[in-house]
Each structure stands twice: as structure tokens, then as C-alpha cells.
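The values are calculated or read from the model by the stated rules, or taken from the named source; none is laboratory data. Model, not experiment: these values are computed from the prediction. Don't worry about glycine lacking a Cβ; one is built from the backbone with ideal geometry, like all the others, and counts go over all protein chains shown. Heads up: the accessible areas ignore ligands, DNA and RNA and are worked out on the full protein's heavy atoms, side chains in. Shrake-Rupley method; radii C 1.70, N 1.55, O 1.52, S 1.80 Å.
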Amino acid sequence: MTSATRPRTGDQRPAASTTLRFGYGTNGLADLRLEDALALLSDLGYDGVGLTLDHMHLDPLAPDLAARTRRVAHRLAALGLEVTVETGARYVLDPRRKHGPSLLDPDPADRARRADLLIRAVQVAADLGAHAVHCFSGTLPPGTDEDTAWDRLAGSLPPVLEAATAADIPLAVEPEPGHLLATLADFHHLRHALGDPAHLGLTLDIGHCQCLEPLSPADCVRAAAPWLRHVQIEDMRRGRHEHLPFGDGDIDFPAVLAALAATPYRGLTVVELPRHSHAGPHFAEISLPFLKAAAPATRPTPSTEGSSA
């Protein structure tokens with residue numbers, strides 16, 4: 001496993017990190033109650049949480065959503081945690097079809113169900129004071145050509161964007177390997193198709209950049225900077241969509257985090273390890289020190305201990 005630790009030398013205090021703010025995704029803590037997951041992240045020193053709305057964590061379809069959301073908002077405030085709302089729960093709408101229904105489905109009623117979930121997520125985000133709502137396109141349905149799928153996607157998002165605009169919460173679309181919208185180029189295709197709405201932004205997953213983008217992950221960050229509204233991070237290898245713990249893949253994290261720190265983006269950078277939820281507390285504990293060590297540092301403050309006046 002590689003490491004990006006920084007040496008401590010002389011009479012200098014440890015280097016302080018930049019304005020990068022790190023979170024951990026609750027989809028990687030699925031075996032914990034939400035209250036326990038939030039307490040864990042606060043105790044470990046995370047700045048925030050990527051909250052996936054799911055049956056075990058602030059179920060968006062269960063009764064009394066507004067009241068439950070208020071309780072979570074109070075807890076986040078008490079713990080000093082920022083939040084991004086994520087909508088990648090695998091079976092929250094359909095217990096038999098992963099990520100179904102999507103905005104690409106043939107049945108307009110199914111597309112409307114997904115759009116309604118996103119609108120609910122926007123309201124939850126507004127009530128939590130979240131900085132963005134994450135979403136994705138979905139995979140191409142069997143028998144559907146790409147032009148039709150793009151039309152369905154563009155036709156499904158206006159009500160969601162209206163809600164996002166009214167709440168002043170960015171909708172951050174994630175390019176996802178294997179989905180219709182899989183790359184940064186695909187994001188721009190959608191952006192132009194919708195007339196470049198102000199509240200349509202980008203979720204950039206750093207591992208996905210390593211997996212399939214022609215640019216390096218650091219160059220992807222620079223290219224995506226004007227549209228960044230949410231960032232997810234994990235390790236990954238070229239050509240293989242497998243979320244890996246830091247150091248188990250091929251990503252140059254100091255380069256990525258330096259590029260990210262140089263952008264205007266000041267939201268959360270959220271660790272995305274959903275397949276490691278069985279050991280979520282362990283990976284949450286080791287991920288933050290790795291990221292802080294790899295992040296660019298401010299100038300160390302010389303120690304005055306032992307000096308004479």
C-alpha cells in the first residue's frame with residue numbers, strides 16, 4: 001500500500017491542511033444506525049457526511065420525513081458536520097432492480113417516480129442545509145437507443161431543476177461508468193441540451209476519472225472546476241470500476257488534492273466505499289489520515305518553544 005505521509009522536521013508544528021473539507025459516505029456505513037454513523041464521523045474528525053437517503057438512513061419514502069429530517073439537521077448541527085445529500089441507494093424505489101426505476105425508463109410513470117425521489121432529496125437538502133444533491137442518469141434500458149435515452153433524461157430533469165432553483169440547492173449529476181451519462185463529455189452534452197441551467201452542476205468521482213476518462217484525475221479536476229458541486233473520492237485502477245481503499249489503486253492523490261485545492265470548490269470531498277460497509281468504521285478511521293497527509297499544506301508555523309525573547 002502506498003502512502004502520502006509528510007515528514008515532520010525540526011521545531012515545526014505539523015502542517016495544517018488547506019481549505020479542503022473531507023466527509024465520508026453513509027453508503028459505506030450501512031451497518032450502522034445513522035445516529036451512530038454521524039457520531040463516529042464527528043469523533044474521527046471528519047468535516048461532514050455524504051448522506052445517502054435509504055431505508056436505513058433517513059428513508060425518503062417513510063412517513064414523517066420532514067420531522068425526521070429536522071431531527072437529523074439538529075444532530076448534524078450539534079456535531080458540527082456539513083452534509084451533501086446523495087441519491088445512490090440501490091433498492092430504495094424498487095426492491096428487485098438495482099437503481100430502478102431511472103430517468104431513462106420507457107414508462108413515464110417510472111421516470112416520474114425517480115424524479116419525485118430527486119425532488120424529495122432537494123427538499124431534504126434544503127432542510128438540512130446541504131450544499132448539493134447528487135444524482136445520476138441510470139443505465140441504458142434494453143431496447144432503447146441512446147438518442148431516445150438522452151431525450152428522456154433531458155425531459156425528466158426540468159421539474160427537479162425547478163425545485164433545485166427554488167431551494168437554491170445545486171443538482172450535481174455524477175458521470176457513472178456503465179451509465180448513459182458516463183463521462184465529463186456526457187455531462188456537457190446534458191448541460192447544453194438543457195440550456196446550461198444555473199443549478200445544474202457536477203459530481204466528480206475521482207476514481208471514475210482514473211477508471212475511464214482520457215485525462216488524468218488531476219486534469220479532470222481542473223477541467224471540471226467551473227461546474228464542481230460535489231466530489232467523491234476513493235482509489236481505483238484504470239479500466240476497472242471497483243472502489244478501492246486508498247493506496248490499493250493507481251491514483252496520485254497529492255496531485256489530485258492539489259488540483260482540487262486550487263479550484264473555487266469549497267464543498268465536501270466524500271470518501272465513497274460502499275462495498276466496504278462491512279468494515280465501515282475501520283475504513284472511515286484510516287481514510288481521513290491518508291487524505292490529510294496527501295493534501296497540500298499551508299506553511300508550517302515555527303514553534304517558539306525553547307526560544308528566547
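Quick notes
- Compared with the direct C-alpha span, the chain from residue 154 to residue 91 gains 20.3 nm at full extension, assuming 0.36 nm per residue.
- Inter-part distance, segment 111-131 to segment 146-218, computed on C-alpha centroids, equals 16 Å.
- Exposure ranking of 65, 273 by accessible area [1.4 Å probe, largest first]: 65, 273
- The accessible area of residue 99, taken with all protein chains in place and a 1.4 Å probe, comes to roughly 40 Å².
- Protein-only accessible surface order, largest first, of 43, 110 at 1.4 Å: 43, 110
- Simple spin-label estimate for residue 192 and residue 78 in nanometres, 7 Å along Cα-Cβ: 5.1 nm
- Accessible-area rank, largest first, for 227, 150: 227, 150, with all protein chains present and a 1.4 angstrom probe.
- Degrees between helix 146-156 axis and first principal axis of the chain (Cα, 0 to 90, nearest 10): 80 degrees
- Charge tally around residue 131: other residues with Cβ under 14 Å, Lys/Arg +1 each, Asp/Glu -1 each, net -2.
- Nearest-ten-degree value, helix 108-128 long axis tilted from longest Cα axis of the chain: 30 degrees
- Once both labels are positioned 7 Å from their Cα atoms along Cα-to-Cβ, the gap between residue 168 and residue 59 label points is 3.4 nm.
- Taken along its principal axes, the alpha carbon cloud of segment 64-118 reaches lengths of 44, 19, 17 Å, longest axis first.
- Applying 0.36 nm per residue to the separation of residue 279 and residue 238 and subtracting their alpha-carbon distance, the gain on full extension is 12.3 nm.
- Once all protein chains are placed together, residue 21 keeps about 80 Å² accessible to a 1.4 angstrom probe.
- Cα long-axis angle, helix 280-294 against the chain (0 to 90 degrees, to the nearest 10): 60 degrees
- Rg/Rh ratio calculated on Cα atoms of segment 47-152 (Kirkwood radius): 1.03
- Computed E for residue 147/residue 185 - FRET, C-beta separation, R0 22 angstrom, nearest 0.05: 0.85
- Gap separating the Cα centres of segment 243-291 and segment 68-82, nearest whole Å: 23 Å
- Residues in the chain average 45 Å² of solvent-accessible surface per residue, probe 1.4 Å, ligands and nucleic acids excluded.
- Left without a cysteine partner by the 4.7 Å Cβ rule in the chain: 135, 211.
- Simple rule: put +1 on each Lys or Arg Cβ and -1 on each Asp or Glu Cβ in segment 36-155, find the dipole, and look at 92, 144, 74; the Cα lying farthest toward the positive end is 74.
- DSSP bridge analysis restricted to the chain gives an antiparallel fraction near 15%, rounded to the nearest 5.
- With the Kirkwood sum run over all distinct C-alpha pairs, segment 190-309 has a hydrodynamic radius of 16.0 Å.
- The label point for residue 112 and the one for residue 71, both projected 7 Å from the Cα toward the Cβ, are 3.2 nm apart.
- Test item: Cα-centred dipole of segment 150-305, Lys/Arg +1 and Asp/Glu -1 on Cβ, debye: 200 debye
- The charge dipole of segment 209-250, taken about its Cα centre with unit charges on the Cβ atoms of Lys, Arg (+1), Asp and Glu (-1) only, comes to about 160 debye.
- For the chain, radius of gyration divided by Kirkwood radius, i.e. Rg to Rh on alpha-carbons: 0.99
- For the chain, the carbon plus sulfur part of the accessible surface works out to 51%, probe radius 1.4 Å.
- Cut-off under 5 Å, modelled amide H: who pairs with residue 140 long-range: 180
- Taking Cα centre as origin and charging only the Cβ of basic (Lys, Arg, +1) and acidic (Asp, Glu, -1) residues, the dipole magnitude of the chain rounds to 580 debye.
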